[in-house]
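All of the numbers you see were taken from the coordinates with simple rules; none came from a lab. Everything numeric here is computed off the predicted structure, so don't read it as measured data. Glycine gets a Cβ as well: all are built from the backbone with ideal geometry, and neighbour counts include every protein chain shown.
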Amino acid sequence: MLSDADALLRLALIPGLKPAAAHRLLQACASPAEVFAWNMARLQSVDGIGGDVARRICDHRGEEHLASERAACHRAGVRILVQSDADYPQALLVLEDAPLVVWMKGELQPRDRLALAIAGSRRPSAYGHRQAHTLAIGLARVGTTLVAGLARGIDTIAHTAALEGGARTIAVLGSGFGSIYPAQNIPLAERIIAGNGAVISELPFAAAPSATTFPRRNRLIAALSLATLVIEAGNRDGALITARLSMELGREVMVVPGNIDNPECAGSNQLIRDGATLVASLEHILQEVEPLLTLAGGAQAVTQGQARSPRVNALSGREKQVYLLLHDQPRTVAELATTANLPASSISATVLSLELRRLARRSQDGFVRAT
């Protein structure tokens, strides 16, 4: 009998099985392993499971593929994480089609909840390159974790600036670890893995990049971030997908305005017309994403060697709202979100800000007021 972890991995290895359909399949079963005892007709009764996918689920060679995948990942030092694993990126669970399995090298840390996605052109102008580096290095120096897709152009600038600024960065692949694309960024991925963040994929080790895998990975970038910053994006740029998905998750989308004569800026400028926030400086970004403003203040205090206790009257409106909901009895993020009528993602980020200010403390059963 397959373990739950092996059953989930075997499902994740089936070509053509989309995460949403896999979730529906699992909801109809008592355990993940039960899926592989079903016949073709029963499998196809689940919405999204066609004949080809059903045949692949029934294929007895699936266990051989499972063993080969685990062996390849073991050799390469890639961890395979299912949703029940402690190291599975919890931020991804906000997605209705959260990956059953993620492949990861490096590690995530609690402070990575204060992350910002940067997306944009693979062929930035000199202006776009300059703005991306200036803003990314500024965010890095205040301690923001930067999330991007390891692509050429703006993504590469963001990851590199994070490393230069001594911050953490998360790269989300549009391929498996055995086919990192572009190959020229393999050394950059290795630098990230060496201790400055994590590289993540929802695709099997040998999966090659394709026109469909990049849009899929953009939803992971959006979910891992408090907000998305777009710098130069054309009308068909993948950065627009990240921005749209970020909006759907209730996250802030910010855009650096671009040259109206540059077609590589047409998409990002349209985002501003559609309601995204125009930003022109690091200060603008910190003002729009309140938890990052708190992080910036905390970073400055550490830099100056100050140990003063933060004051309640210095909190932002949202921070004060959540702080006043905390008491001696622990409250979970879900409870706070219901009471405050805010998304759980906003509560998580705000509570982390209060922790940084030493006004909240994590307990086994939730969060309590620290002062």
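Observations, loosely collected:
- Computed over the stretch 149-266: relative contact order in percent, which uses C-alpha pairs under 8 Å that are six or more apart: 22 percent
- Of the trypsin sites (Lys or Arg not before Pro) found in the stretch 94-161, the ones in coil according to DSSP and having at most 16 other Cβ atoms within 10 Å of their Cβ are Arg152.
- Computed from Cα atoms, the angle from the helix 126-141 axis to the main principal axis of the chain rounds to 80 degrees.
- Among the trypsin sites (Lys or Arg not before Pro) found in the stretch 212-298, those both in a DSSP coil and sparsely packed, with 12 or fewer other Cβ atoms within 10 Å of their Cβ, are Arg236.
- 0 to 90° range, to nearest 10: angle between helix 238-248 axis and the chain longest Cα axis: 80 degrees
- Neighbours of Arg10 by Cβ distance under 13 Å: Lys/Arg scored +1, Asp/Glu scored -1, total -4.
- Those residues of the stretch 146-188 whose amide nitrogen sits under 14 Å from the label point placed on Ser210, 7 Å along Cα→Cβ: 174-176
- Rounded to the nearest 10 degrees, the inclination of helix 290-303 to the longest alpha-carbon principal axis of the chain is 70 degrees.
- Using only alpha carbons, the chain has a radius of gyration to Kirkwood radius ratio (Rg to Rh) of 0.99.
- Counting only DSSP H runs of at least 4 residues, each contributing -39500 (n - 2.57), and dividing by the residue count of the chain, the helix-based mean residue ellipticity at 222 nm comes to -12500 deg cm²/dmol.
- Mean sequence separation of contacting Cα pairs (under 8 Å, at least six apart), scaled by the length of the chain, corresponds to a relative contact order of 12 percent.
- Cα centroids of the stretch 194-230 and the stretch 324-345: 30 Å apart.
- Rounded to whole numbers, the Karplus 3J(HN,Hα) couplings from phi for the stretch 158-165 are 5, 4, 5, 5, 4, 5, 4, x Hz, using 6.51 cos²θ - 1.76 cosθ + 1.60 with θ = phi - 60°, and x at Gly and Pro.
- Highest to lowest packing among 175-187, 220-232, scored as the average C-beta count within 10 Å: 220-232, 175-187
- The stretch 16-117 shape via C-alpha gyration tensor axes, a/c threshold 1.5: oblate
- Sequence-distant contacts, meaning Cα pairs under 8 Å at least 6 residues apart, place the relative contact order of the stretch 51-149 at 22 percent.
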